[in-house]
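Novice: Here it is: the structure, laid out below.
Values quoted throughout were computed directly from the atomic coordinates according to the rules given, and no laboratory measurement underlies them. Here the structure is a predicted model, which is why all the values come from computation and not from measurement. Virtual Cβ from ideal backbone geometry, glycine too; neighbours counted across all protein chains shown.
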Amino acid sequence: MKTAIVSFDIEPDYPPYLGESRLGVDFALPAILDLLKSEGVPANVFMLAALCSTYHSLPKEIIDKGFSLGCHAMRHDLLCMNDFQTQLQEITEATRILTENSGRKLTVFRAPDFSLNGDTLKCLEMTGYAIDSSVLPGRRMKNRQGYAYDFRGAPYSPYHPSLEDVSKHGDSKMLEMPVTENPLNREAPIGGGYLNTYGVDRAVEAVLSAVATPIVLVLHPWEFVDLHARFPKLPRWTKKGCRDNLPALSEFLGILKAEGYEFSTLEEMGKDY
């Protein structure tokens, strides 16, 4: 069986470039959720807890529409750059806020910008999570000391990571459900920016060419807002990569169905591991 998981990260627009701009949350997200629901496509929705200060009812609305709510930490900072205690405080607080606003226990997590390390996994185990989806095989992020993280060589399929090196198999209780690396654009996910820039056929080709099982797609509401028209100083890729282009998303999902893909969630797929 070929399986694809649609996931959305709910956060301010193109962090950190636009500060607290939230056009994606305000305008694109409601239409995206309606589209997914009308087409019978389940999704994992990871939300930054800090957004609850403004969008109090959004976590419950996501659940009431039939989608899975996950935690995307408190703010869109690199978690793995913090020490264990700081990470634990942030994840604990983010989990409390999202739980209180949704009325639901959270079991899935994605770190902002894929910023996971062994301390993050320990914190997730302590706060009751079962599944993480932060590792993007092939991805690495440089910092002044070398790399904030380096996921080259990480498995493409679900695994239990090592607390010493999350890109390797180990004995963590957490199940890692890796984000699928785009085989046509290495170190990046298959997401809305790629779909908008290169078109539906190319995005479908990326899925069909990927070696991962299951396919885990990562999209953002702000990718479906014409950000460059509003903020012309943004990087040039946003001119095509961020567009009001939901018909393309609908077509993309429809073609994947025609290709024999079934849509599921991280929780459902996690039962097999």
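Novice: Compute the distance in nm between two label points, each set 7 Å from the Cα along the Cα-to-Cβ direction, one at Glu20 and one at Ser53.
Specialist: Distance between the two pseudo-spin positions: 0.6 nm.
Novice: So, in Å, what gap is there between the alpha-carbon centers of the stretch 236-250 and the stretch 50-81?
Specialist: 23 Å
Novice: Please list 139-151, 218-230 highest first by mean number of surrounding beta-carbon atoms within 10 Å per residue. Working shown, then result.
Specialist: On the way: 139-151: 14.5, 218-230: 21.9.
Descending packing order for the listed peptides: 218-230, 139-151.
Novice: Moving on. Using 0.36 nm times the number of residues separating Asp171 and Arg96, minus their current alpha carbon distance, what extension gain do you get? Display every interim value, and only then the final one.
Specialist: Numbers: separation 75, 0.36 × 75 = 27.00 nm, distance 2.68 nm.
Here the segment from Asp171 to Arg96 would lengthen by 24.3 nm.
Novice: Considering only the stretch 84-228, what is the antiparallel percent among its DSSP beta bridges, to the nearest 5? Could the numbers behind the result be given before it?
Specialist: On the way: 7 of 11 bridges.
So the antiparallel bridges in the stretch 84-228 amount to around 65 percent.
Novice: Moving on to the next point. Under 20 Å Cα to Cα from Lys142, which lysines show up? Leave out anything in the same chain fewer than 8 places away.
Specialist: Straight-line reach from Lys142, under 20 Å: Lys168.
Novice: Next question, about the same structure. Return the lysines within reach of Lys65: Cα separation strictly under 26 angstrom, same-chain partners fewer than 8 residues apart disregarded; answer none if there are no such residues.
Specialist: Lys2, Lys37, Lys105, Lys257, Lys271
Novice: Sticking with this structure for a sec: Based on the mean of other Cβ atoms within 10 Å per residue, sort peptides 174-184, 158-168, 102-112 so the most packed one is first. Don't skip to the answer; put the middle values down first.
Specialist: Values: 174-184: 23.1, 158-168: 18.1, 102-112: 20.0.
Those peptides, ordered most packed to least, come out 174-184, 102-112, 158-168.
Novice: With both bridge residues required to lie in the chain, what share of the DSSP beta bridges run antiparallel, to the nearest 5%?
Specialist: Working: 7 of 29 bridges.
Here the share of antiparallel DSSP bridges comes out near 25 percent.
Novice: Under a cut-off of 17 Å between alpha-carbon atoms, report the lysines in cross-link reach of Lys240, not counting same-chain residues fewer than 8 places apart.
Specialist: Cross-link targets: none qualify.
Novice: Here's a follow-up. Only helical DSSP H runs with n ≥ 4 go in: add -39500 (n - 2.57) per run for the chain, normalise by residue count and round the 222 nm mean residue ellipticity to 500 deg cm²/dmol.
Specialist: Numbers: 10 runs with 88 residues, N = 273.
Dividing the helical sum by the residues of the chain leaves -9000 deg cm²/dmol.
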